[in-house]
Amino acid sequence: MGLIGAAGLLAAVAITVADAGGSDKASDAGASSDQQTTAPATGTPRDSAGTGSSDREPTATASATGPASAATSAPATRPDAAGAGAAPYCGASRYAEEITVQRWAGGDFRISLWPTDAARHADDRDGAVSEMWAAINRCVGTLDSAVTESLQDQLRCHEFLALVPGSGEERYATGTTFDIESWRPTPGRRRWISTRCGNTLGTDPTTTPMKTYRPDGVPPRSQPTGEHA
């Protein structure tokens, strides 16, 4: 895409983001910088057995990123009865080609969704986000409410910015996946662009993930490459 076309697309995206609904708590909280915000807790998606983590109880640990913030902890919940009773499915649907999970020893996790062309070009982006979130819940189970606000906001940002062109050989700024990560504070739509969907917020794990898997037990077709946009 040429520079003029890219600039026009970015301008259109900025207008769309300004008009978009969704979480705006971080933006309206009076934060003076992108780093001053309340961090969400982290939880654990269900393991490949279709239940919570097989090696420990799911926990939620707050990861504070603002200056002089103290970390706190709160209990997380296993998937609700309906989610726990249904067989997980992480395969193809209208807006997702595949969903995978990466887990770290400290409890952090990343959920990666490979969007379809229909997702990237959806006319109703709010509807697409709702369907993708439902697909994520079918795959990983119901996550703790303390982390869902951030995860949903990250997903919503990726969908609304899905057509922003990438740099170099990458076609899209998001890369091939929409990655939503438990350690990111909620950016809020007014800071989607300045924080790159929250990618500049939170502290990334310093170790490699313990495992990459699909909770439905099917071997992943692709390996996530992490955040891009």
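Observations on the model:
- GluC sites (Glu not before Pro) lying in DSSP loop within the stretch 83-181, provided at most 16 other Cβ fall within 10 Å: Glu169, Glu170
- Here is the list for the stretch 113-217: trypsin sites (Lys or Arg not before Pro) lying in DSSP coil, each with at most 16 other C-beta atoms within 10 angstrom of its C-beta, are Arg171.
- Per-residue extension of 0.36 nm, minus the Cα-Cα distance of Ser167 and Ala118, leaves a gain of 15.4 nm for this segment.
Taken together, the values in this text are just the output of simple stated rules run on the coordinates, not laboratory data. Here the structure is a predicted model, which is why all the values come from computation and not from measurement. No Cβ is skipped: glycine too gets one built from the backbone with ideal geometry, and neighbour counts run over all protein chains shown.
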